[in-house]
Structure formats: C-alpha cells, structure tokens
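Everything on this sheet refers to the single structure shown next.
The values are calculated or read from the model by the stated rules, or taken from the named source; none is laboratory data. Just so it is clear, the structure is predicted and the values come from calculations on it, not from any experiment. Cβ coordinates were reconstructed from backbone atoms using ideal geometry, including for glycine residues, and neighbour counts include every protein chain displayed. In case anyone asks, the SASA skips ligands and DNA or RNA and just uses the protein heavy atoms, side chains included. Shrake-Rupley method; radii C 1.70, N 1.55, O 1.52, S 1.80 Å.
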Amino acid sequence: MDWLTDNKIPVGKAAEALFDWLQGHGAWFFDGLSEAMEAMIGAILWILQTPHPLIVVAVFAALSWLLQRNWKISAFVALGFLFIINQGYWEETTESLTLVLSACVVCMAIGVPIGIAAAHRPRLYQAMRPVLDLMQTLPTFVYLIPAIVFFGIGMVPGLIATVVFVLPAPIRLTWLGVSTTPEPLLEAARAFGATPSQVLAKVELPYAIPQIMAGLNQTIMLSLSMVVIAALVGADGLGVPVVRALNQVNTALGFESGFVIVVLAIMLDRILNLGAKK
C-alpha cells in the first residue's frame, strides 16, 4: 500500500494554495466585506443593547403576538427573556441574537434568490447539489480556518463560518417551495396573461411562503447551533461561557449557559412557528 500513500492527491496543498492566492489578490474584497459585516453587527447590537432590557423584552413579546396571535406564546417569550435576565446572561444573549439575526439577513438575502433561480433551472440545481452537500457535511471547525485567515478574530469570522454552514437550508427549502408549485396554478396564471415575473410574485412565492418560513426557522436554529463554535474564533455571546465552562470543567456554568441557549432557541422557534397560529 506504500505506492498508494506515496502518491497522495494534494487536496490539502491545493486548498492552501487557493487560500494563499485569495489572501494575496482578494484582500480588498475581504476587507470591504469585513467592514460591511462589522457595520451590520454593530447596528443590530446597538438596537438590542441601547434600550432598557425590559423594553426589548416587551418588543419581542409584542412581535410574537403580531405573528402568532396567541397570548400564551407571548407570555412564554416574556418569561423566557426575564429568566435570561435573572440568570445574568442578558448581554451575552443580545450578542448571540446579533449573530443569529445577522446570519438570517445574509442567508435569506442570498439563499432565497438562489433557491428561486435553481427552481426555474433544474440543471443549475443539479450542479449546486454537491456544493450544498459539501457545505452542510464538512465539519464546521474547518470553516473557522479560512475565516480566521481572511477576517482575523472576532464576530465577523464567526458570522462568515455560520453563513457558510447555514446557507444551504434556505436555498434548499426555497427551491422546494417554488419547484413544487402545482402546475394547474401556473397554467391558470399564464392563461390569464401573467408574465414570468407576475407568476413568480403572485403564484409561486405565495405558495412557497411556508417553505421559505421553514427555511428562516432552520436558519435561526442552525445559527444558534454555531454559537459555541463561533466563540472559538473570538465571537462574543453565549458560546463564551460554554467554552469557559469546558476549559474549567465547571458544571454549573456550563449547565446555566447551555440552558439559556436552549430557552433562547425555543423562544425564537415559537415566535416564527407560523403553523401555530389560531
């Protein structure tokens, strides 16, 4: 077997050469992207941290009422945030929310248009499938290496790694929703003279809204799952106390911060679970 290992395919060296080339020739792009991401993160963080925590809690409770029209869910959201404040993790929670909301903005802005294009072009989706599979199955720690190389340490590399891992979800679910639009609906729209853009806006997108919202829900849940991993590259938030607890073998700190992440995930899921409307 030595002859096989001696002729190793240089996968790692090829990736390293690609990253070196990108770092040398694309510094202007990565610097600009980093500044844009930092501006968005700073804006969201300012919105969440500037008002009094109880005002933010009231806003989220009101948002859950507007989306769900269920006072029980609104009460649960309010109690969940009050529990987080009681545990002393409000600042970390707002930082994690900033990372999640930033990832949602980027992923939905990129994923929905790509999903629509893939639904209208089957060959494009077939070509994209291996790439999407790779993005979802490659160990998430691997994303942190180029993120550090291109963006340094902080919230931005955590956000970039999160986006790469999460992006396939909105793409796939948008593709599913648009591509499964019943043909009779499309034929009826075309029979009445609808243009392709009108068919998309008035037939395909309304029909695909449940799948697109499911993509948003998955984006939030997967982003939260990256909170701890993003902390390894300097991203602030609830992942920091989890990593600290792991390093110190601190059971109390680990359970506290981990349970707060669970509460936050359940609250966000309930807020966006449009199927729960009464």
For segment 199-243, inverting the pair-averaged 1/r of distinct alpha-carbon atoms gives a Kirkwood value in Å of 12.4
As a test question: what accessible area, to the nearest 10 Å², does residue 20 have when a 1.4 Å probe is rolled over all protein chains in place? 90
Using packing as a proxy for protection, rank 241-253, 152-164, 197-209, 106-118 so that the peptide with the highest average count of other Cβ atoms within 10 Å comes first. 152-164, 106-118, 197-209, 241-253
Proximal aspartates and glutamates relative to residue 202, as straight alpha-carbon distance under 19 Å, when same-chain residues fewer than 8 apart are discounted: 183, 187
Most packed first (mean Cβ within 10 Å per residue), the peptides 33-42, 120-129 order as 33-42, 120-129
So, relative contact order of segment 199-278 in percent, Cα under 8 Å, 6 or more apart, is 25
Take the solvent-accessible surface of the protein heavy atoms, probe 1.4 Å, and return the percent of it on the chain that carbon and sulfur atoms account for. 69
Of 100, 142, 233, which has the largest mean-square fluctuation in a 10 Å C-alpha GNM of the chain? 142
Under a 1.4 angstrom probe, counting protein chains only, how are 46, 65, 90 ranked by accessible area, largest first? 46, 65, 90
Rounded, prolate or oblate (a/c below 1.5 giving rounded, otherwise prolate when a/b exceeds b/c) for segment 62-120 by Cα gyration tensor: oblate
All Cα pairs of the chain, percent lying beyond 26 Å: 53
So, in Å, what gap is there between the alpha-carbon centers of segment 44-62 and segment 131-191? 29
Kindly state, to the nearest 0.05, the FRET efficiency for residue 55 paired with residue 269, given R0 = 30 Å and r defined as their beta-carbon distance. 0.85
Would you check the accessible area of residue 55, probe 1.4 Å, heavy atoms only, in square angstrom rounded to 10? 100
Specify whether the C-alpha gyration tensor of segment 92-166 places it in the rounded, prolate or oblate class, a ≥ b ≥ c being the square roots of the eigenvalues: rounded for a/c under 1.5, otherwise prolate if a/b is larger than b/c and oblate if not. oblate
Heavy-atom accessible area per residue, the chain, 1.4 Å probe: how many Å²? 54
Provide, in order from the shortest bin, the percent of all Cα-Cα pairs of segment 19-170 in each 5 Å bin, continuing until the bin that contains the maximum pair distance. 2, 8, 13, 15, 16, 16, 12, 9, 5, 3, 0
Determine the shape class of segment 115-217: with a ≥ b ≥ c the square roots of the Cα gyration tensor eigenvalues, call it rounded for a/c under 1.5, and otherwise prolate if a/b is greater than b/c, oblate otherwise. prolate
Distance in Å, no decimals, from the C-alpha centre of segment 229-278 to the one of segment 71-125 is 13
In percent, what relative contact order does the chain have, based on Cα pairs under 8 Å that are 6 or more apart in sequence? 25
Can you work out the FRET efficiency for the pair residue 22 and residue 153, with r the C-beta to C-beta distance and R0 = 25 Å, to the nearest 0.05? 0.85
Whole-percent pair-distance distribution, where bins are 10 Å wide, for the alpha carbons of segment 141-278: 11, 28, 27, 18, 11, 4, 1
Calculated over segment 215-278: convex hull of Cα atoms, volume per residue (Å³): 73
What number, in percent, do you get for the relative contact order of segment 21-108 if the mean sequence gap of Cα pairs under 8 Å and at least 6 apart is divided by its residue count? 33
